[in-house]
Amino acid sequence: MIEKISSMAIVIVKKEKNLKVLLLNNDGEWVFPKGHIESNETELHAAIRELHEESNVVVYEQESIGQVDEYKFYFSGENAVKIIKVFAFIINDEREITYNKNEGFIDGKWFAIDDASNILKHDDAKNVLRKVIKKL
């Protein structure tokens, strides 16, 4: 079985007690930015790059709290096990989102944590968001 590793970026705006998270709408489904790791980069740098490519939001290595989770799922379309390395980033202010239409994104927004939990479709995504919040 083929294993394919991707990196995901969960970006949290933490202002006093208010928390917001960045989500992108990919063809009708709200998701966290993620994508493949290129041969010349670390998993963390892949998360930073994918975030920028998909949302135009820039974060820096020092804003990362590190890898917060990893999960796997079987993707029958590629007959592969997908491994998602999840990295969290904490920032002080919302940064402008310019979603990448060429990658199928139709919107991008900062959501209150409770709202994000309600609109995320997949349990894995909901669970990693909970893990990030617990680490704060």
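Here, each number is a calculation from the coordinates, and none is a lab measurement. In this text the structure is predicted, and so the values were computed from the model without any measurement. Here the Cβ is made from the backbone with ideal geometry for all residues, glycine too, and neighbour counts use every protein chain on show.
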Inset, instruction - For region 8-68, state the average projected area of the convex hull of the C-alpha atoms over all orientations, rounded to one decimal in nm². - result: 4.9
Inset, instruction - Given the options 38, 96, 78, state which has the largest fluctuation in a GNM of the chain using a 10 Å cut-off (strictly under) for Cα springs. - result: 78
Legend entry - Extended-chain gain in nm, criterion 0.36 nm per residue less alpha-carbon gap, residue 72 and residue 27: 14.0 nm
Legend entry - Max mean-square fluctuation residue, GNM over the chain, Cα-Cα springs under 10 Å, options 73, 111, 89: 73
Legend entry - Among [x] 2, 8, 14, 14, 10, 9, 8, 7, 8, 7, 6, 4, 2, 0, 0; [y] 2, 9, 18, 21, 18, 12, 7, 5, 4, 3, 1, 0; [z] 2, 11, 21, 25, 23, 12, 5, 1, 0, 0, the entry that matches P(r) over Cα pairs in 5 Å bins from 0, in percent as calculated here: [z]
Inset, instruction - Report, for the chain, the % of DSSP beta bridges that are antiparallel, rounded to 5. - result: 70
Inset, instruction - Identify all aspartates and glutamates with a Cα-Cα distance to residue 134 below 13 Å; exclude those on the same chain that are fewer than 8 residues away in sequence. - result: 69
Inset, instruction - Before rounding to the nearest 500, sum -39500 (n - 2.57) across all DSSP H runs of length at least 4 in the chain and divide by the residue total; then give [θ] at 222 nm in deg cm²/dmol. - result: -7500 deg cm²/dmol
Legend entry - Given 15/72; 17/72; 15/126; 14/85; 17/82, the pairs whose alpha carbons are separated by over 29 Å: 15/72; 17/72; 17/82
Legend entry - Cβ-derived FRET efficiency at R0 35 Å, residue 92 paired with residue 40, nearest 0.05: 0.70
Inset, instruction - Assign unit charges at the C-beta atoms only (+1 for Lys and Arg, -1 for Asp and Glu), then state the dipole size of region 2-135 relative to its Cα centre in Debye, rounded to the nearest 20. - result: 500
Inset, instruction - Could you calculate the contour length gain from residue 130 to residue 18, that is, 0.36 nm times the residue separation minus the distance between their Cα atoms, to one decimal place in nm? - result: 38.8 nm
Inset, instruction - May I ask for the angle, rounded to the nearest 10°, between helix 123-135 and the longest principal axis of the chain, with both axes built from Cα atoms and the value confined to 0 to 90°? - result: 50
